[in-house]
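Derivation of every value follows stated rules applied to the coordinates shown; laboratory data play no part. These numbers were taken from a predicted model, which means no experiment stands behind them. Cβ sites come from the backbone with ideal geometry, for glycine too, and all protein chains shown count toward neighbours.
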Amino acid sequence: MSTLRLGDKAPNFDAETSQGKINFYDFLGDSWGILFSHPADYTPVCTTELGAAAKYKDEFEKRNVKVMALSVDGVESHKDWIKDINETQHTTVNFPIIADEDRKVSDLYDMIHPNADDTLTVRSVYVIGPDKTIKLMITYPASTGRNFEELLRVIDSLQLTAYKKVATPANWKSGEDVVISPSVSNEEAEKLFPKGFKEVKSYLRMTPQPD
Ligand code: BEZ
């Protein structure tokens, strides 16, 4: 078991998946990545989650994000279950699901939380940047399906703040005003943010989302 933290290198691995054997780094290439675990095949919440993730294909592609799921069930189970997901969620699962029967990847990414369940993975989400470092980690319990709109929202924030000297405030959504990073002086802000900025407090300066 390893403890991963934000900024750490995302561990690479080879894994059997519903789309054959995949090397994680090769799969990611230069893209952003989402690696998310779910507790088990043929379970109701997981069925809706994987269907939801499939429906966001265009949104993930727009953001240059590749998606990979994981559970500790086997490849044949995944393949059969995918047929059910496609049928019941009216979509086509378009990303690989790791068959982590030996828990190798689950252990690498600390996806089994024994005091919650000592065999199944919890609902972990890792967002990985093009530099292969971990940008976001969220963990949900088995009983709560994830909010994929929130994942897109965070990816929008991660991608914006990776390239501009801004941060995004509470409940921010793409297109809304952002805050200027504290390390930027007012003089620099005038150059960096031609749309202007409002100094609410010396430490709280708002500017329209930069292009
Ligand atoms: C589900 O996906 O529905 C689920 C999986 C494990 C425990 C509880 C719910």
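Tabulated values for the structure
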| read-out | value |
| --- | --- |
| Charge dipole of the chain about the Cα centre (unit charges at C-beta), most positive-ward option of PHE197, PHE60, ILE34 | PHE197 |
| Cross-link reach list, aspartates and glutamates versus LYS62, counting only Cα pairs under 18 Å and skipping chain neighbours closer than eight places | ASP30, GLU149, GLU150, ASP156, ASP211 |
| Environment charge of VAL166, counting only residues whose C-beta is closer than 10 Å and scoring Lys/Arg +1, Asp/Glu -1 | +2 |
| Paired Rg and Dmax values of region 1-152, which use every Cα atom, in angstrom | 14.0, 39 |
| For region 100-151: rounded, prolate or oblate by the Cα gyration tensor [a/c cutoff 1.5] | oblate |
| Two-decimal log10 I(q)/I(0) for region 151-191, as the Debye equation yields it once each C-alpha is a single scatterer, q = 0.21 Å⁻¹ | -0.65 |
| Over region 1-48: Rg over Rh, Cα atoms, Kirkwood Rh | 1.01 |
| Net +/- balance of residues flanking PRO210 in space, Cβ distance below 14 Å, scoring K and R +1, D and E -1 | -1 |
| Compactness index (Cα Rg / 2.2 N^0.38 Å), region 30-78 | 1.22 |
| Residue of LYS173, LYS83, LYS198 that the Gaussian network model of the chain assigns the largest fluctuation, springs spanning Cα pairs under 10 Å | LYS198 |
| Radius of gyration and Dmax over the Cα atoms of region 113-211, both given in Å | 17.4, 55 |
| C-alpha long axis of helix 75-89 to longest principal axis of the chain, angle in ° | 60 degrees |
| Protection-proxy order for peptides 181-191, 150-160, each taking the mean of Cβ atoms within 10 Å per residue, highest first | 150-160, 181-191 |
| Pair THR144, ASN94: separation of 7 Å Cα→Cβ label points (nm) | 2.9 nm |
| Given 13 as the ceiling on other Cβ atoms within 10 Å, longest exposed-site-free region of the chain for chymotrypsin sites (Phe, Trp or Tyr not before Pro) in DSSP loops | 43-202 |
| Inter-site label distance for ALA167 and PHE13 at 7 Å from Cα along Cβ, in nm | 3.2 nm |
| Rounded to 5, percent antiparallel among DSSP beta bridges of the chain | 70 percent |
| Simple spin-label estimate for ASN115 and TYR203 in nanometres, 7 Å along Cα-Cβ | 3.2 nm |
| Crossing angle, helix 148-163 versus the chain [Cα axis fit, 0-90 degrees, rounded to tens] | 50 degrees |
| The chain - mean residue ellipticity at 222 nm from DSSP helices (-39,500 (n - 2.57) per run, n ≥ 4, rounded to 500) | -9000 deg cm²/dmol |
